[in-house]
Structures are given as structure tokens and as C-alpha cells.
Amino acid sequence: MISAIVYNSCTGSCKKYAELLSAAIHAPAMPLKSAYVRDGGKIIYVSWIFAGKVCGLEKAAAKFNIAAVVQVGMSAVSDKSEAVCREKNSIPRNAAVFCRQGGFNINKLPLPFKLIMKLKCKEIAARLESKGQLNEQEQATLTMASTGVGEPPRWDIDDIVAWAAK
Ligand SMILES: Cc1cc2nc3c(=O)[nH]c(=O)nc-3n(C[C@H](O)[C@H](O)[C@H](O)COP(=O)(O)O)c2cc1C
């Protein structure tokens, strides 16, 4: 049983995934900063990625019993995403990993992140424009990178809800 969904969100995507999960699995969603879980209860940790690192994961792991990590990024999710997430973040085998595409909004970012992403978005847009045929999520990333704002095609949590019910 999952006691809580603990999330860390800069511009709202992880909060949205956490709230969708909370409604579906009937466990409270709490921001990492103020989260409190009794008696070592299991949590799902939802956070955004910064250069491939799941933000706040070490802090969350020190405080909570993490049964699953949901990493949220602006990139398209591929069949390699889970393995890359596990490796970059040293996630133990006994924790599940789910990779989701989130939204992007450069206008909501704190200034240092805005400056980093202004440059990064140019690189991302150029890479995707030269790729040719794009899938739906890659197309969404291209919109995010070229306009500074965008959402994923879907906010899908079905597989996470099915895992939590096991
Ligand atoms: C400084 C910075 C670094 C980022 N690095 C990555 C990254 O390595 N991979 C990725 O897919 N998305 C990256 N993103 C995009 C965010 O992870 C993405 O927009 C996510 O949906 C944000 O979640 P939030 O709205 O809950 O803050 C980065 C964003 C910022 C601001």
C-alpha cells in the first residue's frame, strides 16, 4: 500500500502527476519540503529531471521509504529511459521507475534556470529539427524548445496506478 505521493515540482508538471496519482490511488500528494509520512510508509516520489538527475532524490531517499520513482522531463520517453534513469540516479532494483514527459514553461523558471534553458532549448530544437520524422512526444518537445512553452500529448498514469494496486 502506498501511504503518500511526495513530489518536487518547479513549474507544475510533477505536481500535476502527483495530484492525478493521488486521486487515482487515494493517497495524499505532498510537496517534498513539507511532506510527512508516518511509520516508514511506502511512497511514490515524483520529481523533474535536471541534466538527467532526479531533483531532490537523495533528500527524499534519506527521509522516506521510496517504492517508486516517477521521473518527469521535457524529453520524449523511450525504451532506454528507465535504464538511463536508474544508472544516473543509482536507483536500487527494488524500487520501480516510471518515466514521464512533463510540460515546460520558460517563463515560470527562476532566472538561473531560465538562462541555462534558453541555450539548451536552442540545441534541443536544432537536434529535433534535423531528425526528420518525429513521434508525438518528440513533436511536443520541439514545441517546448522552440516556443519556450508546451505540454506533453498525454498525462498518462495508468501503468503506475496498476503497479500501485498490486
Ligand atoms: C535547469 C533545467 C534542466 C533540465 N534538464 C532536463 C533534462 O536533463 N532532461 C529532460 O528531459 N528535461 C529537463 N528539463 C525539463 C524539466 O524536467 C521538465 O520541464 C519538467 O516537466 C519540469 O517539471 P515541473 O513542471 O514539475 O517543474 C530541465 C529543466 C530545467 C529548468
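The values are calculated or read from the model by the stated rules, or taken from the named source; none is laboratory data. Note that the coordinates shown come from a computational prediction; the quantities given were computed from them, not determined experimentally. Quick reminder, even Gly has a Cβ in these numbers, built from the backbone with ideal geometry, and neighbours come from all protein chains shown. SASA here: full protein model, heavy atoms, side chains in, ligands and nucleic acids out. Shrake-Rupley method; radii C 1.70, N 1.55, O 1.52, S 1.80 Å.
Tell me, what is the Rg over Rh of the chain, with Rh the Kirkwood radius over Cα pairs? Numbers along the way, then the final one.
Numbers: Rg = 15.8 Å, Rh = 16.3 Å.
Ratio of gyration radius to Kirkwood radius for the chain: 0.97.
Whenever you get a sec, compute what percent of the accessible area on the chain sits on carbon and sulfur atoms (1.4 Å probe).
Working: 5110 of 9370 Å².
Of the solvent-accessible surface of the chain, carbon and sulfur hold 55 percent.
Determine the dipole magnitude for region 2-164: charges of +1 sit on the beta-carbon of Lys and Arg, -1 on that of Asp and Glu, nothing else is charged, the reference point is the Cα centre, and the result goes in debye to the nearest 20. Walk me through the numbers before you get to the answer.
Working: 21 positive and 14 negative charges, 128 e Å.
The dipole of region 2-164 has a size of about 620 debye.
Among rounded, prolate and oblate, which fits region 1-59 when a ≥ b ≥ c are the square roots of the eigenvalues of its C-alpha gyration tensor, a/c under 1.5 means rounded, and a/b larger than b/c means prolate?
oblate
Tell me which trypsin sites (Lys or Arg not before Pro) from region 66-110 have a DSSP coil assignment and no more than 14 other beta carbons within 10 Å of their own. Provide the component values of the computation, followed by the final result.
Working: sites: Lys80, Arg86, Lys88, Arg93, Arg100, Lys108; in loops: Lys80, Arg93.
When the trypsin sites (Lys or Arg not before Pro) of region 66-110 are filtered for loop state and at most 14 Cβ neighbours within 10 Å, Lys80, Arg93 remain.
So how much slack lies between Phe50 and Val84, counting 0.36 nm per residue of separation and subtracting their Cα-Cα distance, in nm?
On the way: separation 34, 0.36 × 34 = 12.24 nm, distance 1.33 nm.
Computed gain between Phe50 and Val84 is 10.9 nm.
Can you give the calculated 222 nm mean residue ellipticity of the chain, where each DSSP H run of n ≥ 4 adds -39,500 (n - 2.57) and the sum is split over every residue, rounded to the nearest 500 deg cm²/dmol? Let's see the in-between values first.
Values: 6 runs with 67 residues, N = 166.
That comes out to -12500 deg cm²/dmol.
If you take every DSSP beta bridge fully contained in the chain, what fraction is antiparallel? Give it as a percent rounded to 5. Don't jump to the answer; show the numbers that get you there.
Working: 4 of 26 bridges.
Bridges in the chain are about 15 percent antiparallel.
Checking the table Lys59/Lys122; Lys88/Lys122; Lys80/Lys122; Lys63/Lys108; Lys59/Lys131 against a 26 Å threshold on Cα-Cα, which pairs fail?
Correct reply: Lys59/Lys122; Lys63/Lys108; Lys59/Lys131.
Could you report region 2-164's accessible area per residue, 1.4 Å probe, as an integer in Å²?
Details: 8890 Å² over 163 residues.
Normalised by residue count, the accessible surface of region 2-164 is 55 Å².
As an exercise, use a Förster radius of 22 Å and the Cβ-Cβ distance of Lys166 and Glu19 to find the FRET efficiency, rounded to the nearest 0.05.
Values: r = 22 Å, r/R0 = 1.00.
It comes out at approximately 0.50.
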